[in-house]
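Data block below; observations after.
The values are calculated or read from the model by the stated rules, or taken from the named source; none is laboratory data. Being a predicted model, the structure only gives us computed values, none of them experimental. All Cβ positions, glycine included, derive from the backbone under ideal geometry; neighbour counts span all protein chains shown.
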Amino acid sequence: MQTRPDNIVITSGEPAGIGPDLCIKLIQQDLPCPVTLVGDRELFLQRAAELGLPFESSNQVKLINVALRAPVKSGLLDKTNAQYVLDILDVAVHGCLNGEFHAMVTAPVHKGIINDAGIAFSGHTEYLADQCQRKQVVMMLATHGLRVALVTTHLPLAEVSQAITINRLTEVITILHRELQHRFNIENPTIYVCGLNPHAGEQGHLGKEEINIIEPALEALRQQGLNLIGPLPADTLFTPKYLQHADAVLAMYHDQGLPVLKHKGFGNAINITLGLPVIRTSVDHGTALELAGTGNIDINSLSLALQTALDMQ
(Lines give C-alpha, C1' and ligand atoms only; values in the text may rest on other atoms or scores of the structure.)
Protein backbone atom coordinates (compact mmCIF):
# COMPACT_ATOMS: atom_id res chain seq x y z
CA MET A 1 0.00 0.00 0.00
CA GLN A 2 1.22 3.50 -0.79
CA THR A 3 2.98 5.24 2.09
CA ARG A 4 0.98 8.20 3.36
CA PRO A 5 2.06 11.08 5.59
CA ASP A 6 1.36 10.68 9.31
CA ASN A 7 -0.80 13.79 9.16
CA ILE A 8 -4.46 13.32 10.04
CA VAL A 9 -7.21 15.77 9.17
CA ILE A 10 -9.96 16.35 11.74
CA THR A 11 -13.31 17.90 10.85
CA SER A 12 -14.93 19.98 13.57
CA GLY A 13 -18.52 18.91 12.83
CA GLU A 14 -21.69 20.78 13.77
CA PRO A 15 -20.50 24.25 14.82
CA ALA A 16 -23.14 24.68 17.56
CA GLY A 17 -22.25 21.32 19.12
CA ILE A 18 -19.22 19.97 20.94
CA GLY A 19 -17.16 19.27 17.83
CA PRO A 20 -15.10 22.47 18.07
CA ASP A 21 -14.71 21.92 21.84
CA LEU A 22 -13.40 18.39 21.26
CA CYS A 23 -10.83 19.67 18.78
CA ILE A 24 -9.68 22.42 21.15
CA LYS A 25 -9.34 20.05 24.09
CA LEU A 26 -7.59 17.43 21.96
CA ILE A 27 -4.78 19.75 20.92
CA GLN A 28 -3.99 20.51 24.55
CA GLN A 29 -2.78 16.88 24.78
CA ASP A 30 0.39 15.20 23.56
CA LEU A 31 -0.58 14.15 20.04
CA PRO A 32 0.58 10.92 18.41
CA CYS A 33 1.05 12.67 15.05
CA PRO A 34 0.55 16.04 13.35
CA VAL A 35 -3.10 17.00 12.86
CA THR A 36 -4.88 19.47 10.64
CA LEU A 37 -8.17 20.89 11.93
CA VAL A 38 -10.82 22.03 9.46
CA GLY A 39 -13.28 24.72 10.48
CA ASP A 40 -13.84 28.41 11.01
CA ARG A 41 -10.90 30.11 12.75
CA GLU A 42 -13.09 32.65 14.53
CA LEU A 43 -15.38 29.88 15.79
CA PHE A 44 -12.39 28.06 17.30
CA LEU A 45 -11.16 31.24 18.95
CA GLN A 46 -14.65 32.04 20.28
CA ARG A 47 -15.15 28.54 21.68
CA ALA A 48 -11.62 28.41 23.11
CA ALA A 49 -12.37 31.63 25.00
CA GLU A 50 -15.56 30.06 26.39
CA LEU A 51 -13.53 27.06 27.53
CA GLY A 52 -10.69 29.17 28.92
CA LEU A 53 -8.16 27.35 26.74
CA PRO A 54 -5.59 28.53 24.19
CA PHE A 55 -6.01 27.89 20.48
CA GLU A 56 -2.76 28.13 18.56
CA SER A 57 -1.21 26.60 15.47
CA SER A 58 2.12 24.79 15.80
CA ASN A 59 4.30 22.22 14.10
CA GLN A 60 1.86 19.58 15.35
CA VAL A 61 -1.39 21.50 14.79
CA LYS A 62 -2.41 23.25 11.60
CA LEU A 63 -5.73 24.79 10.56
CA ILE A 64 -7.57 24.91 7.27
CA ASN A 65 -9.93 27.84 7.64
CA VAL A 66 -13.44 27.35 6.22
CA ALA A 67 -15.79 30.25 6.82
CA LEU A 68 -19.10 29.82 8.61
CA ARG A 69 -22.24 30.79 6.73
CA ALA A 70 -23.71 32.49 9.82
CA PRO A 71 -22.53 33.39 13.35
CA VAL A 72 -22.78 30.59 15.92
CA LYS A 73 -24.02 30.57 19.48
CA SER A 74 -23.03 27.49 21.47
CA GLY A 75 -25.88 24.98 21.65
CA LEU A 76 -28.17 26.70 19.14
CA LEU A 77 -28.59 25.03 15.74
CA ASP A 78 -28.87 27.17 12.62
CA LYS A 79 -29.69 25.55 9.29
CA THR A 80 -27.81 28.35 7.54
CA ASN A 81 -24.61 26.55 8.53
CA ALA A 82 -25.64 23.18 7.08
CA GLN A 83 -23.58 23.74 3.94
CA TYR A 84 -20.60 24.76 6.08
CA VAL A 85 -20.69 21.33 7.73
CA LEU A 86 -20.53 19.67 4.32
CA ASP A 87 -17.83 22.09 3.15
CA ILE A 88 -15.45 20.98 5.88
CA LEU A 89 -16.15 17.34 5.11
CA ASP A 90 -15.35 17.97 1.45
CA VAL A 91 -12.02 19.57 2.35
CA ALA A 92 -11.05 16.57 4.46
CA VAL A 93 -12.08 13.79 2.10
CA HIS A 94 -10.54 15.46 -0.93
CA GLY A 95 -7.30 15.98 1.00
CA CYS A 96 -7.22 12.28 1.80
CA LEU A 97 -7.99 11.30 -1.80
CA ASN A 98 -5.18 13.58 -2.99
CA GLY A 99 -2.67 11.99 -0.60
CA GLU A 100 -2.28 15.09 1.55
CA PHE A 101 -3.47 13.27 4.67
CA HIS A 102 -3.06 9.75 6.00
CA ALA A 103 -6.64 9.63 7.28
CA MET A 104 -9.64 11.67 8.35
CA VAL A 105 -11.32 11.83 11.75
CA THR A 106 -14.76 13.38 12.02
CA ALA A 107 -16.43 15.16 14.90
CA PRO A 108 -20.22 14.68 15.15
CA VAL A 109 -22.75 16.34 12.88
CA HIS A 110 -26.48 16.92 13.32
CA LYS A 111 -28.32 15.12 10.53
CA GLY A 112 -31.66 16.79 11.29
CA ILE A 113 -30.51 20.37 10.81
CA ILE A 114 -28.81 19.49 7.52
CA ASN A 115 -32.06 17.99 6.27
CA ASP A 116 -33.99 21.02 7.56
CA ALA A 117 -31.82 23.10 5.23
CA GLY A 118 -33.18 21.14 2.29
CA ILE A 119 -30.06 18.99 1.84
CA ALA A 120 -30.65 15.24 1.68
CA PHE A 121 -28.22 13.80 4.25
CA SER A 122 -28.49 10.51 6.11
CA GLY A 123 -25.08 10.50 7.74
CA HIS A 124 -21.31 10.64 7.36
CA THR A 125 -21.14 7.07 6.09
CA GLU A 126 -23.44 7.62 3.14
CA TYR A 127 -22.09 11.08 2.33
CA LEU A 128 -18.49 9.92 2.21
CA ALA A 129 -19.46 6.97 0.04
CA ASP A 130 -20.94 9.42 -2.47
CA GLN A 131 -17.92 11.70 -2.34
CA CYS A 132 -15.61 8.74 -2.95
CA GLN A 133 -17.93 7.27 -5.61
CA ARG A 134 -18.35 4.01 -3.73
CA LYS A 135 -21.71 2.31 -4.13
CA GLN A 136 -21.37 0.17 -1.01
CA VAL A 137 -19.49 0.92 2.21
CA VAL A 138 -19.82 -0.56 5.68
CA MET A 139 -20.37 1.19 8.99
CA MET A 140 -18.51 -0.48 11.87
CA LEU A 141 -18.24 0.58 15.49
CA ALA A 142 -15.47 -0.77 17.66
CA THR A 143 -14.52 -0.79 21.31
CA HIS A 144 -12.18 -2.95 23.35
CA GLY A 145 -13.10 -6.57 22.68
CA LEU A 146 -15.95 -5.95 20.22
CA ARG A 147 -16.44 -4.82 16.63
CA VAL A 148 -19.97 -4.48 15.23
CA ALA A 149 -20.60 -3.88 11.53
CA LEU A 150 -24.00 -3.13 10.00
CA VAL A 151 -25.77 -4.44 6.91
CA THR A 152 -28.11 -1.42 6.91
CA THR A 153 -27.42 1.92 8.54
CA HIS A 154 -29.74 4.91 8.80
CA LEU A 155 -33.01 3.41 7.60
CA PRO A 156 -36.48 3.42 9.16
CA LEU A 157 -37.09 0.04 10.75
CA ALA A 158 -40.02 -0.60 8.39
CA GLU A 159 -37.60 -0.52 5.43
CA VAL A 160 -34.91 -2.81 6.83
CA SER A 161 -36.26 -6.17 5.68
CA GLN A 162 -36.58 -5.10 2.06
CA ALA A 163 -33.05 -3.69 2.12
CA ILE A 164 -31.53 -7.01 3.16
CA THR A 165 -30.85 -8.87 -0.06
CA ILE A 166 -28.41 -11.58 -1.06
CA ASN A 167 -26.49 -9.07 -3.16
CA ARG A 168 -26.24 -6.50 -0.34
CA LEU A 169 -25.18 -9.12 2.19
CA THR A 170 -22.55 -10.44 -0.19
CA GLU A 171 -21.12 -6.96 -0.79
CA VAL A 172 -21.14 -5.97 2.90
CA ILE A 173 -19.54 -9.20 4.11
CA THR A 174 -16.93 -9.12 1.36
CA ILE A 175 -15.94 -5.56 2.34
CA LEU A 176 -15.91 -6.41 6.05
CA HIS A 177 -13.76 -9.52 5.52
CA ARG A 178 -11.31 -7.68 3.24
CA GLU A 179 -10.97 -4.65 5.52
CA LEU A 180 -10.40 -6.79 8.61
CA GLN A 181 -7.56 -8.40 6.69
CA HIS A 182 -5.99 -5.32 5.17
CA ARG A 183 -6.80 -2.53 7.62
CA PHE A 184 -6.53 -4.56 10.84
CA ASN A 185 -4.06 -7.30 9.84
CA ILE A 186 -6.39 -10.20 10.75
CA GLU A 187 -5.32 -12.97 8.39
CA ASN A 188 -8.46 -15.14 8.56
CA PRO A 189 -11.28 -13.15 10.20
CA THR A 190 -14.09 -14.92 12.01
CA ILE A 191 -17.36 -13.06 11.51
CA TYR A 192 -20.47 -13.87 13.54
CA VAL A 193 -23.72 -12.94 11.81
CA CYS A 194 -26.99 -11.97 13.48
CA GLY A 195 -30.33 -13.14 12.17
CA LEU A 196 -32.91 -10.50 11.36
CA ASN A 197 -35.88 -11.92 13.24
CA PRO A 198 -36.33 -12.97 16.88
CA HIS A 199 -34.63 -16.34 17.44
CA ALA A 200 -33.16 -15.99 13.94
CA GLY A 201 -36.59 -16.76 12.51
CA GLU A 202 -37.29 -19.93 14.54
CA GLN A 203 -36.97 -22.17 11.45
CA GLY A 204 -39.25 -19.88 9.50
CA HIS A 205 -42.03 -19.55 12.06
CA LEU A 206 -40.96 -16.00 13.01
CA GLY A 207 -39.84 -14.87 9.58
CA LYS A 208 -38.24 -16.38 6.51
CA GLU A 209 -35.44 -13.91 5.74
CA GLU A 210 -32.90 -16.19 7.40
CA ILE A 211 -33.92 -19.17 5.24
CA ASN A 212 -34.45 -17.32 1.96
CA ILE A 213 -31.76 -14.65 2.06
CA ILE A 214 -29.23 -14.72 4.89
CA GLU A 215 -28.31 -18.42 4.93
CA PRO A 216 -27.88 -18.70 1.12
CA ALA A 217 -25.64 -15.60 1.10
CA LEU A 218 -23.50 -16.94 3.93
CA GLU A 219 -23.18 -20.39 2.38
CA ALA A 220 -22.04 -18.97 -0.96
CA LEU A 221 -19.36 -16.93 0.79
CA ARG A 222 -18.26 -19.92 2.88
CA GLN A 223 -17.62 -21.73 -0.37
CA GLN A 224 -15.14 -18.93 -1.16
CA GLY A 225 -13.28 -19.58 2.10
CA LEU A 226 -14.81 -16.96 4.41
CA ASN A 227 -15.21 -17.97 8.05
CA LEU A 228 -18.82 -17.03 8.79
CA ILE A 229 -20.87 -18.22 11.77
CA GLY A 230 -24.64 -17.80 11.74
CA PRO A 231 -27.20 -16.53 11.37
CA LEU A 232 -27.59 -16.62 15.14
CA PRO A 233 -30.23 -15.02 17.38
CA ALA A 234 -29.01 -11.55 18.27
CA ASP A 235 -30.21 -11.83 21.87
CA THR A 236 -27.72 -14.64 22.58
CA LEU A 237 -24.97 -13.87 20.07
CA PHE A 238 -23.76 -10.94 22.15
CA THR A 239 -22.54 -13.14 24.99
CA PRO A 240 -18.98 -14.20 25.91
CA LYS A 241 -19.58 -17.73 24.58
CA TYR A 242 -19.59 -16.32 21.04
CA LEU A 243 -17.80 -12.99 21.32
CA GLN A 244 -14.57 -14.54 22.57
CA HIS A 245 -14.19 -16.12 19.13
CA ALA A 246 -15.45 -13.22 17.00
CA ASP A 247 -13.25 -10.76 15.14
CA ALA A 248 -16.43 -8.90 14.23
CA VAL A 249 -20.19 -9.24 14.56
CA LEU A 250 -22.44 -8.37 11.63
CA ALA A 251 -25.80 -6.93 12.69
CA MET A 252 -28.68 -6.56 10.27
CA TYR A 253 -29.69 -3.05 11.35
CA HIS A 254 -28.54 -0.06 13.38
CA ASP A 255 -30.31 -0.65 16.68
CA GLN A 256 -29.75 -4.40 16.69
CA GLY A 257 -26.01 -4.17 17.22
CA LEU A 258 -25.08 -0.68 18.34
CA PRO A 259 -26.90 -0.57 21.70
CA VAL A 260 -24.78 -3.54 22.82
CA LEU A 261 -21.59 -1.94 21.52
CA LYS A 262 -22.34 1.37 23.21
CA HIS A 263 -23.37 -0.28 26.47
CA LYS A 264 -20.01 -2.03 26.50
CA GLY A 265 -17.85 0.91 25.53
CA PHE A 266 -19.64 4.25 25.21
CA GLY A 267 -17.08 7.04 25.30
CA ASN A 268 -14.34 4.53 24.51
CA ALA A 269 -15.64 3.39 21.14
CA ILE A 270 -15.23 4.67 17.63
CA ASN A 271 -17.03 4.61 14.29
CA ILE A 272 -15.08 3.36 11.24
CA THR A 273 -16.20 3.47 7.62
CA LEU A 274 -15.01 0.40 5.72
CA GLY A 275 -14.82 0.16 1.95
CA LEU A 276 -13.66 3.71 1.24
CA PRO A 277 -10.41 4.42 -0.60
CA VAL A 278 -9.47 6.56 2.44
CA ILE A 279 -9.29 5.86 6.17
CA ARG A 280 -12.10 7.45 8.15
CA THR A 281 -12.81 7.14 11.87
CA SER A 282 -15.16 9.09 14.11
CA VAL A 283 -16.47 9.43 17.63
CA ASP A 284 -19.20 7.19 19.02
CA HIS A 285 -21.49 10.02 20.17
CA GLY A 286 -23.54 12.94 18.91
CA THR A 287 -23.31 16.71 18.99
CA ALA A 288 -24.35 17.11 22.67
CA LEU A 289 -25.62 20.64 22.09
CA GLU A 290 -26.34 21.19 25.76
CA LEU A 291 -22.64 20.70 26.58
CA ALA A 292 -21.18 23.00 23.93
CA GLY A 293 -19.04 25.71 25.48
CA THR A 294 -19.24 24.21 28.99
CA GLY A 295 -16.00 22.23 29.00
CA ASN A 296 -17.88 19.31 30.53
CA ILE A 297 -16.97 16.85 27.81
CA ASP A 298 -14.86 13.72 27.45
CA ILE A 299 -12.39 13.49 24.58
CA ASN A 300 -11.63 9.77 25.00
CA SER A 301 -13.57 8.74 21.90
CA LEU A 302 -11.92 11.41 19.72
CA SER A 303 -8.47 10.46 21.04
CA LEU A 304 -9.15 6.80 20.30
CA ALA A 305 -10.46 7.67 16.82
CA LEU A 306 -7.24 9.59 16.14
CA GLN A 307 -4.98 6.78 17.33
CA THR A 308 -6.96 4.13 15.45
CA ALA A 309 -6.81 6.16 12.23
CA LEU A 310 -3.05 6.45 12.63
CA ASP A 311 -2.69 2.71 13.25
CA MET A 312 -4.84 1.58 10.33
CA GLN A 313 -3.08 0.54 7.14
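All of (1) assigned by TED's automatic domain parsing to the domain that holds A269; (2) farther than 27 Å from C33 by Cβ; (3) at pLDDT below 95 hold for S122 with one exception: (1). Among residues of region 102-123 that are among the hydroxyl-bearing types (S, T, Y), those with a Cβ under 7 angstrom from a residue that is outside any strand (DSSP E or B), sequence gap 6+ or separate chain, pair up as T106/G13; T106/H124; S122/K111; S122/H154.
Filter region 18-39 down to the residues that are in a strand (DSSP E or B) and out of contact with any Cys (no Cβ under 8 Å at 6 or more places or on another chain), then identify the one that is nearest to D90 (Cα to Cα). It would help to see each step written out before you state the result.
Of region 18-39, the ones in a strand (DSSP E or B) are 35-39.
Filter once more, so that each one left must be out of contact with any Cys (no Cβ under 8 Å at 6 or more places or on another chain): 35-36, 38.
Working: V35: 17, T36: 14, V38: 10 Å.
In this case the residue turns out to be V38.
Note on region 73-103: residues that are surrounded by 18 or more Cβ atoms within 10 Å (Cβ to Cβ), in contact with a helix residue (DSSP H, G or I) (Cβ under 6 Å, 6 or more places away or on another chain) and under 24 Å from L291 (Cα atoms) amount to 2. Mind listing just one residue for me: the one in region 138-157 that is within 17 Å of H245 (Cβ to Cβ) and at pLDDT below 95 and, of those, surrounded by the fewest Cβ atoms within 10 Å (Cβ to Cβ)? Filtering region 138-157 for residues that are within 17 Å of H245 (Cβ to Cβ) and at pLDDT below 95, the one surrounded by the fewest Cβ atoms within 10 Å (Cβ to Cβ) comes out as H144.
Is it fair to say A70 is in the same structural domain as E14 (by TED's automatic domain parsing), part of a helix (DSSP H, G or I) and of a type in the set (G, A, S)? It is false that A70 is in the same structural domain as E14 (by TED's automatic domain parsing), part of a helix (DSSP H, G or I) and of a type in the set (G, A, S). Residues that are part of a helix (DSSP H, G or I) and of a type in the set (S, T, N, Q) were ranked within region 280-313; the one that is nearest to D130 (Cα to Cα) is T308.
Out of all the residues in region 244-275, which are surrounded by fewer than 16 Cβ atoms within 10 Å (Cβ to Cβ) and out of contact with any His (no Cβ under 9 Å at 6 or more places or on another chain)? Answer for region 244-275, where residues must be surrounded by fewer than 16 Cβ atoms within 10 Å (Cβ to Cβ) and out of contact with any His (no Cβ under 9 Å at 6 or more places or on another chain): Q244, H245, D255, P259, H263.
Restricting attention to region 143-158, the residues that are under 15 Å from S122 (Cβ atoms) and over 15 Å from the mean Cα position of the chain (by Cα) add up to 3.
Screening N197 with (1) surrounded by fewer than 16 Cβ atoms within 10 Å (Cβ to Cβ); (2) free of Cβ contacts under 8 Å to residues at least 24 places away in the same chain gives one miss only, at (1).
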